[in-house]
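The values are calculated or read from the model by the stated rules, or taken from the named source; none is laboratory data. As the structure is a computational prediction, the values presented were derived from the model and not from experiment. Glycine gets a Cβ as well: all are built from the backbone with ideal geometry, and neighbour counts include every protein chain shown. With ligands, DNA and RNA removed, areas are computed over all heavy atoms of the protein, side chains included. Shrake-Rupley method; radii C 1.70, N 1.55, O 1.52, S 1.80 Å.
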Amino acid sequence: MKRLIGILLVLVLMLTTHFSTTAYADGDGNIDHGGGDIGNGTGESFWNPGDEGVRVTVVKVSDKTSVTVPIDFTNKEPNDIQAHFGKVSKVTYNNGRSLTPSQQIYAYNNPDVAIPKIISSASGSSSIEEIKRYFCSEYMIMTISEITGFNYDTLINGDYKILLEPIAYLTFNGVKMAMTATEAALYDQQLNGGLQSKMASLTHKNLPLGMFLETPDLGYLAWSGSTTDPVSNTDIISSLGLGIVRFSEADPPPEISAYDYEYRVNTEVITAVTVRGGQADPDHPVSVTFNIGGRNYRVNNVYYPNGDSQLVWVRWTTPSTPQTMTITVSVSGGGSPSKSTITAKIVDLSQNDPPNPTANDRNDSYTTPSIPNNPQKTSASWGVWSAWWQAHWVWVSDWNWYSDGNGGGIWVDNGSWEDHGWWEFDWNPYSASLTTSVNIKPDDKVPTASSNNMKSGYGINIIVTANVSSNQSSAVTGAQTSVTYFPEFQYKDYWRLLDRTSSGYSARFEFKQNKYSTYDRRVHFTPVWFPNGSYIPYTYLIDCWTPAGMLSMNLTDTVTILGSLWDDWHISPLKP
């Protein structure tokens, strides 16, 4: 049995108590441990201590996608679960999957060795050391491999990580349910705060703060917010209710960027901040002002319930020249922005066209490069709170004595009905998705091309399509930038910024007319020295902006090189 080396569990447990540690399987943790009590609950909505589990998913590091169907481990036998949302991981939800009730019977696994306590309560606190030892043990890794069917040696080779998510088995409105922290937040959004109103101590504090990252990993940020107060749905979905087991050395600390956004010149973009603090409603509205390039963009009537937040954004067009811009954000009416100063770097990608190829070019030291794998995001979700008044009419008495002048009289209630209602909030979910295609083929002027086979030295064409769909198109841009890189330049140094020949939500991109083409064709010339085999240009499609960030896609297609253009030349002897 292969020895498990260097497994790292990067998680922080917080259940009305505070733990802060980076824990190696064979290391020590720095633990600040307190106590907490959320009670057993009564009535139609309650949770009993110990009714918990952990969802486990194997995730591929390179593209941050699930490669196994998630499995749920628990010490209980929750055969009475009446409602759940299937086996879906946090990374899948964050990639755009919507929350959908499952029609299947809830499935679970009871490990031979009991799981340590995950959610602290009055009956006892969890121990981060026990949780580290358990999920970093060879026994548990082997168990995950066996149940998922994922090869053990492949699992621990450093290309994969294990995602952990705490699960609660709770009764809500009389229905026994199973849900992760992320599912609880998504469900609460659908109920417009209905889950949080009855079970906030569990679903919006102890469960999501049961696991979170101390250092960034798999695209998730380390949690730096409160570890003692209830948290918002937005924060849960983005950053809470997860732990990660990795099988390699710790990732290097992320580079600290000097800017918050990188935009391209002459591009329509979206800049967003999150506003939180208190409650914002029509009686106490919040306004957010973005100052960009000396111009104010004001967003009025921002609403959100107490304890939650709202994403606020503006849509604007970047300047035509590269520069660094400072955007300031101010809030009036209460609340505060996640950032009051935003730094945006504006770049121009149009200045690195490849040099003029010649028939005598050589590259005897060429080696096939690895195809790039830039950050890719094909869907995004966000939402907007709307407020409405819940009327609650109350009779307010105003008793007055009316004398009859003879020593008597009567009391008369001159009161009136008054509306002592309150503001309720509805969550309006929105999303956007990006679908693309790429087609590379020999140019029509290539005399000896056959299908996608061609000789080196001739030109190729490219067509990239990008379709964007959204239920809030005013908050989404179409894809605006497509950049193609080439293997002969090791996918760096030189590239071609494609020409957007059709814009909007169904965009089309092609090579610009090549100034070295005799016929002004939209081509890129393959180098005459390129060896036989696959010639694979790589295209990065970007600048499809949403309030929840930029959608992007890695694209490749190939032509096959068989021979060179010199093979098409024939020199005949002079006739006598």
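Being open to solvent by 10 Å² or more (accessible area, probe 1.4 Å), at pLDDT 95 or above and either among the aromatic types (Phe, Trp, Tyr) or closer than 30 Å to residue 262 by Cβ (or both) is the filter here; which residues of the stretch 550-576 pass it?
550, 553, 554, 555, 556, 557, 558
What are the residue pairs meeting all of these: first residue in the stretch 475-490, first residue without any contact (Cβ under 8 Å) to a residue 60 or more places away in the chain, second residue outside any loop (DSSP other than H, G, I, E, B) and open to solvent by 10 Å² or more (accessible area, probe 1.4 Å), Cβ atoms under 7 Å, and 6 or more apart or on different chains?
These pairs meet every condition: 484/495; 484/496.
Are any of the residues in the stretch 318-331 under 30 Å from residue 566 (Cα atoms) and surrounded by fewer than 16 Cβ atoms within 10 Å (Cβ to Cβ)? Step through it out loud before you land on a result.
Within the stretch 318-331, the subset under 30 Å from residue 566 (Cα atoms) is none.
Looking through the stretch 318-331, none of the residues is under 30 Å from residue 566 (Cα atoms) and surrounded by fewer than 16 Cβ atoms within 10 Å (Cβ to Cβ).
Filter the stretch 394-440 for residues that are assigned to a loop (DSSP other than H, G, I, E, B) and either open to solvent by less than 50 Å² (accessible area, probe 1.4 Å) or of a type in the set (Lys, Arg) (or both) and give the result.
408, 415, 421
Given 366, 303, which one is under 30 Å from the mean Cα position of the chain (by Cα) and either open to solvent by less than 60 Å² (accessible area, probe 1.4 Å) or within 30 Å of residue 511 (Cα to Cα) (or both)? I'd like the intermediate steps shown before the answer.
Values: 366 fails: under 30 Å from the mean Cα position of the chain (by Cα).
After ruling out the rest, the residue left standing is 303.
Which condition breaks for residue 351 when tested against (1) assigned to a loop (DSSP other than H, G, I, E, B); (2) open to solvent by 50 Å² or more (accessible area, probe 1.4 Å); (3) touching a residue at least 24 places away in the same chain (Cβ under 8 Å)?
Condition not satisfied by residue 351: (3).
What's the total number of residues in the stretch 326-348 that are farther than 30 Å from residue 486 by Cβ and either part of a strand (DSSP E or B) or of a type in the set (Asp, Glu) (or both)? Reasoning before the result, please.
Here is the first cut: in the stretch 326-348, the residues farther than 30 Å from residue 486 by Cβ are 326-343.
Next, only the ones that are either part of a strand (DSSP E or B) or of a type in the set (Asp, Glu) (or both) stay: 326-332, 336-337, 341-343.
Adding up the residues that qualify gives 12.
So which residues in the stretch 56-107 are modelled with pLDDT of 95 or more, of a type in the set (D, E, K, R) and within 19 Å of the chain's Cα centre (by Cα), if there are any at all?
Selection gives 87, 90.
Being under 23 Å from the mean Cα position of the chain (by Cα) and buried (at least 18 other Cβ atoms within 10 Å of the Cβ) is the filter; apply it to the stretch 145-167 and report the residue that is nearest to residue 246 (Cα to Cα).
Of the stretch 145-167, the ones under 23 Å from the mean Cα position of the chain (by Cα) are 158-167.
Keeping just the survivors that are buried (at least 18 other Cβ atoms within 10 Å of the Cβ) gives 160-167.
Details: 160: 7, 161: 5, 162: 7, 163: 9, 164: 11, 165: 15, 166: 18, 167: 21 Å.
Checked the stretch 145-167; the qualifying residue nearest to residue 246 (Cα to Cα) is 161.
Is it the case that residue 232 is of a type in the set (Ser, Thr, Tyr) and farther than 26 Å from residue 431 by Cβ?
Details: of a type in the set (Ser, Thr, Tyr): yes; farther than 26 Å from residue 431 by Cβ: no.
No: the conditions fail for residue 232.
Working only within the stretch 442-461, note down all residues that are in contact with a strand residue (DSSP E or B) (Cβ under 7 Å, 6 or more places away or on another chain) and under 17 Å from residue 533 (Cβ atoms).
442, 449, 452, 453, 454, 455, 456, 457, 458, 460 - these are the residues of the stretch 442-461 that are in contact with a strand residue (DSSP E or B) (Cβ under 7 Å, 6 or more places away or on another chain) and under 17 Å from residue 533 (Cβ atoms).
For (1) farther than 28 Å from residue 142 by Cβ; (2) open to solvent by 20 Å² or more (accessible area, probe 1.4 Å); (3) of a type in the set (Asp, Glu), each residue gets a yes or a no:
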| position | (1), (2), (3) |
| --- | --- |
| 91 | no, no, no |
| 100 | yes, yes, no |
| 104 | no, yes, no |
| 107 | no, yes, no |
| 122 | yes, yes, no |
| 131 | no, no, no |
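In the list 122, 114, which residue meets the criterion of being small (Gly, Ala, Ser) and free of Cβ contacts under 8 Å to residues at least 40 places away in the same chain?
Numbers: 122 fails: free of Cβ contacts under 8 Å to residues at least 40 places away in the same chain.
After ruling out the rest, the residue left standing is 114.
If I filter the stretch 172-195 down to residues being touching a helix residue (DSSP H, G or I) at 6+ places or on another chain (Cβ under 9 Å) and assigned to a strand (DSSP E or B), which single residue comes out as surrounded by the most Cβ atoms within 10 Å (Cβ to Cβ)? Even if it seems obvious, please write down each step before you answer.
Going through the stretch 172-195, the residues touching a helix residue (DSSP H, G or I) at 6+ places or on another chain (Cβ under 9 Å) turn out to be 172-173, 177, 179-189, 191, 193-195.
Those still in the list that are assigned to a strand (DSSP E or B) too: 172, 177, 179-180.
Working: 172: 22, 177: 22, 179: 26, 180: 29.
Looking at residues that are touching a helix residue (DSSP H, G or I) at 6+ places or on another chain (Cβ under 9 Å) and assigned to a strand (DSSP E or B), I get 180.
Looking at (1) open to solvent by 60 Å² or more (accessible area, probe 1.4 Å); (2) modelled with pLDDT of 90 or more; (3) among the hydroxyl-bearing types (Ser, Thr, Tyr); (4) within 30 Å of residue 528 (Cβ to Cβ), which one does residue 358 not meet, given that it meets all the others?
For residue 358, the exception is condition (2).
Considering each residue of the stretch 483-524, count those that are outside any loop (DSSP other than H, G, I, E, B), in contact with a Gly (Cβ under 8 Å, 6 or more places away or on another chain) and open to solvent by less than 50 Å² (accessible area, probe 1.4 Å), and give that number.
Applying the first criterion (outside any loop (DSSP other than H, G, I, E, B)) to the stretch 483-524 yields 483-485, 487-489, 495-497, 499-502, 506-510, 524.
When the remaining residues are screened for being in contact with a Gly (Cβ under 8 Å, 6 or more places away or on another chain), the result is 506-507, 524.
From the residues that got through so far, the ones that are open to solvent by less than 50 Å² (accessible area, probe 1.4 Å) too are 507, 524.
The total comes to 2.
Yes/no per residue for (1) touching a residue at least 12 places away in the same chain (Cβ under 8 Å); (2) not hydrophobic (A, V, I, L, M, F, W, C):
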site: 191; (1), (2): no, no
site: 196; (1), (2): yes, yes
site: 211; (1), (2): yes, no
site: 217; (1), (2): yes, yes
site: 223; (1), (2): yes, no
site: 227; (1), (2): yes, yes
site: 235; (1), (2): yes, yes
site: 241; (1), (2): yes, yes
site: 271; (1), (2): yes, yes
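Against the definition (β-branched (Val, Ile, Thr), touching a residue at least 40 places away in the same chain (Cβ under 8 Å), open to solvent by 40 Å² or more (accessible area, probe 1.4 Å) and over 27 Å from residue 203 (Cβ atoms)), how does residue 289 come out, yes or no?
Details: β-branched (Val, Ile, Thr): yes; touching a residue at least 40 places away in the same chain (Cβ under 8 Å): yes; open to solvent by 40 Å² or more (accessible area, probe 1.4 Å): no; over 27 Å from residue 203 (Cβ atoms): yes.
It is false that residue 289 is β-branched (Val, Ile, Thr), touching a residue at least 40 places away in the same chain (Cβ under 8 Å), open to solvent by 40 Å² or more (accessible area, probe 1.4 Å) and over 27 Å from residue 203 (Cβ atoms).
For (1) within 30 Å of residue 367 (Cβ to Cβ); (2) of a type in the set (A, V, I, L, M, F, W, C), each residue gets a yes or a no:
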site	(1), (2)
438	yes, yes
449	yes, yes
462	yes, yes
467	no, no
477	no, no
486	yes, yes
512	yes, no
